[in-house]
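The values are calculated or read from the model by the stated rules, or taken from the named source; none is laboratory data. Note that the structure is predicted; figures quoted are calculated from it, not measured. With ideal geometry, Cβ positions are generated from the backbone for all residues, glycine too; neighbour counts draw on all protein chains shown.
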Amino acid sequence: MVINFSMQAVKGFYDTQKALLLFILIMATLLFSDTVYALSKVTAVVDKNPAMINESILLTVTADDDVNRNALDTSPLLKDFIVGQTSVSSQTSMVNFKTTRVTKWQIVLIARSPGQFIIPALTIENQQSEPVELTVIAAKEADNTTQTDIFVTSELSQKEVYVQQLLTLTIKLHFAVDLKSGNLTEPNLTGASIEKIGQDKQSDSIINGRRYRVIEQTYAITPEQSGKFTLEAPLFSGEILQASKRRSSFLSFAQTKPVSILGDALKIVVLPIPANYPANAQWLPTDILTLHQEWPTGDEEFTVGEPITRTITLTAAGLSKAQLPKIEMQSTAGLKIYPDQAELNAALRNERLVSQKIQNFALVPSTAGDFILPEVGITWFNTITNKIEVATLPSRTISVKAGEGALKDNSLRNSVDSATLSDNPTGNTAISADKLTGRSPAVVTEVLVQDKRLQWLFLSLWLLTSLAWLIQFLYSKNKNQKEAKDSSHTMSRHHSANHYLALLAACKKNNAEQALQLILPWLRQLLTINKSELEINNIAQAQDIIQEQSFSTALNDLQQHLYGKSAIDGAPSWQGSALLNAIQIVQKQQSEKVSTHQILPLNP
């Protein structure tokens with residue numbers, strides 16, 4: 001038993017030694033193979049031959065060794081091709097103890113023109129590939145011979161335009177395979193501004209019996225220089241998904257293939273501005289431009305001080321929002337004009353860009369009467385007829401009536417004047433002797449006839465009595481009038497103080513509507529205290545009478561806020577601090593005038 005055990009131990013020892021030697025031999029072989037393995041071959045192949053113009057051609061260059069990623073020089077390809085995306089991969093494998101290393105370059109090429117081409121020999125570490133002959137056919141020839149998986153088309157709305165005349169470019173990417181990723185370059189034109197319009201559109205299309213998915217992009221191009229130009233072709237670069245070549249779907253993954261597609265370059269002719277176009281008019285090249293206006297409905301007659309909203313809309317095809325001109329109204333005496341900030345819009349209508357500007361005006365009449373609003377005109381150039389045209393809104397007459405407040409003030413003023421005239425009749429004041437003596441004319445005559453001396457005596461007494469009575473009458477009347485005026489001034493001061501305090505409170509609360517309502521009553525009472533005969537029926541008269549710059553500016557800002565009707569969301573609210581300071585200045589100035597009027601005479 002002891003001997004058998006020993007023999008088994010010896011046999012196990014030799015098996016272990018044998019396995020160890022085998023492992024060492026394998027490792028040595030691997031190390032030796034790494035030492036002697038070197039680059040020996042470079043190959044180059046294309047994925048299609050013939051190929052279409054502007055269609056991507058995938059050139060695969062393979063080196064049978066692990067070499068540097070930058071070892072391949074692709075500059076010789078630039079002579080006849082556009083070189084697109086390049087990807088590099090390395091792979092190491094071992095079969096039957098033989099190690100294989102491969103470095104692979106995949107280069108996307110696009111032929112610049114149809115014809116016969118030769119891809120030159122490419123060099124990697126002193127090893128060269130064989131040249132590759134390639135046939136590139138035109139798109140029209142390819143339509144009858146082959147169908148591509150992906151292609152790009154470009155279309156211009158016009159190929160001959162004027163300077164600053166907008167034209168649209170439509171680019172469509174057609175693909176019949178699954179895209180993993182992709183990027184389409186934006187168009188480029190020398191001396192022109194290019195802006196994308198809207199979002200990408202997606203649709204389906206059937207071409208030559210094959211279904212394509214279509215992605216559409218639209219651009220607005222505005223040339224800024226005249227001459228002949230070439231619009232660079234759009235380039236699509238991306239990756240498409242390819243089904244795995246393995247028979248079993250277990251652990252199989254879809255493969256990707258890089259592609260690049262070049263669209264067609266387009267020629268454009270840009271004409272200069274015609275010499276006969278007015279130098280003082282903004283250059284507006286378009287095929288249609290219109291003006292439209294809107295007024296408050298149902299109002300045939302307007303009121304002094306109340307705002308009138310006039311809306312003017314300018315619509316033009318083939319012009320961008322930035323090109324639309326400013327809409328202006330000429331000023332008219334007695335009518336203040338407050339323009340609002342314009343609203344701009346643009347959209348595509350039947351593949352044409354249509355832009356629109358909406359301008360609101362607040363018209364505030366300061367006096368009653370008829371006002372003639374001059375016509376509004378916009379000069380533009382018709383690109384269809386090649387003629388200069390003017391879009392106009394005809395002149396219009398509006399009637400403005402006095403406000404109810406002004407009518408009441410005039411009526412009250414006329415009543416006061418009538419009362420004053422009745423209390424102070426014109427002409428010399430004559431007092432009848434009959435009324436003063438209470439005697440009849442016959443009695444007086446009889447007394448005078450009887451005694452001439454008594455006549456002079458009675459005449460003297462009569463004159464003295466009349467004079468005393470007249471003095472007493474005038475003194476009482478002046479006293480009553482003074483008391484009435486003092487009472488009136490006291491009441492005016494009281495009302496003015498109330499209006500003044502309420503106006504200050506409205507300004508502090510930034511209440512624009514209440515502040516505007518209190519300004520005229522406050523000023524009327526203030527002028528009444530100063531014994532002024534000036535009339536204030538509206539804001540314009542207030543600005544003319546109160547010669548204070550800060551006051552006029554604050555009132556303009558207040559009316560602009562109330563009547564501007566700004567369409568901007570989140571517009572800042574009115575701040576009453578400026579009007580508050582101006583009111584305090586005017587109040588102080590008028591109060592100083594009152595103090596000057598109330599100085600007592602030296603000899604009362």
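Picking from Ala138, Ala121, which residue would you name as being touching a strand residue (DSSP E or B) at 6+ places or on another chain (Cβ under 6 Å) and among the hydrophobic types (A, V, I, L, M, F, W, C)? Just a single option satisfies the conditions, and that option is Ala121.
Taking the criterion of being among the polar types (S, T, N, Q), modelled with pLDDT of 85 or more and surrounded by fewer than 17 Cβ atoms within 10 Å (Cβ to Cβ), would at least one residue in segment 89-104 satisfy it?
Going through segment 89-104, the residues among the polar types (S, T, N, Q) turn out to be 89-93, 96, 99-100, 103.
Among the residues that remain, those that are also modelled with pLDDT of 85 or more are: 89, 103.
Filter once more, keeping what is surrounded by fewer than 17 Cβ atoms within 10 Å (Cβ to Cβ): 89.
Among the residues of segment 89-104, at least one is among the polar types (S, T, N, Q), modelled with pLDDT of 85 or more and surrounded by fewer than 17 Cβ atoms within 10 Å (Cβ to Cβ), which makes the answer yes.
Restricting Ala44, Ala71, Ala51, Ala63 to residues that are under 17 Å from Thr148 (Cβ atoms) and among the hydrophobic types (A, V, I, L, M, F, W, C) narrows the list to Ala51.
Which of the residues spanning segment 236-268 are modelled with pLDDT of 65 or more and assigned to a loop (DSSP other than H, G, I, E, B)? Selection gives Gly263, Asp264, Ala265. For segment 305-316, the criterion of a residue being within 30 Å of Ala111 (Cα to Cα) and buried (at least 17 other Cβ atoms within 10 Å of the Cβ) is satisfied by no position. Residue count for segment 282-312, restricted to those that are among the hydrophobic types (A, V, I, L, M, F, W, C) and assigned to a loop (DSSP other than H, G, I, E, B): 4. Select from segment 92-137 the residues that are more than 20 Å from Ile82 (Cβ to Cβ) and acidic (Asp, Glu) and list them in ascending order. If the condition is that a residue be more than 20 Å from Ile82 (Cβ to Cβ) and acidic (Asp, Glu), then Glu125, Glu130 are the ones that fit. Kindly establish whether Ile398 is in contact with a Ser or Thr (Cβ under 8 Å, 6 or more places away or on another chain) and surrounded by 15 or more Cβ atoms within 10 Å (Cβ to Cβ). Considered against the rule, which asks whether it is in contact with a Ser or Thr (Cβ under 8 Å, 6 or more places away or on another chain) and surrounded by 15 or more Cβ atoms within 10 Å (Cβ to Cβ), Ile398 comes out as no. At pLDDT 60 or above and on the phi > 0 side of the Ramachandran plot: which single residue out of Asn510, Asn556 fits that description? One residue alone meets the criteria, Asn510.
Results for (1) closer than 23 Å to Lys257 by Cβ; (2) small (Gly, Ala, Ser); (3) assigned to a strand (DSSP E or B), shown as yes or no for each residue.
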site: Thr43; (1), (2), (3): yes, no, yes
site: Asp66; (1), (2), (3): no, no, no
site: Val83; (1), (2), (3): yes, no, yes
site: Thr86; (1), (2), (3): yes, no, yes
site: Ser90; (1), (2), (3): yes, yes, yes
site: Met94; (1), (2), (3): no, no, yes
site: Thr100; (1), (2), (3): no, no, yes
site: Ile118; (1), (2), (3): no, no, yes
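Residue-level check: of (1) under 20 Å from Leu266 (Cβ atoms); (2) more than 40 Å from the chain's Cα centre (by Cα), Ser87 misses just (1).
Taking segment 102-114 on its own, how many of its residues are more than 23 Å from Leu262 (Cα to Cα) and of a type in the set (Lys, Arg)?
1
Residues of segment 123-159 that are touching a Gly at 6+ places or on another chain (Cβ under 9 Å) and modelled with pLDDT under 80: Gln147 alone.
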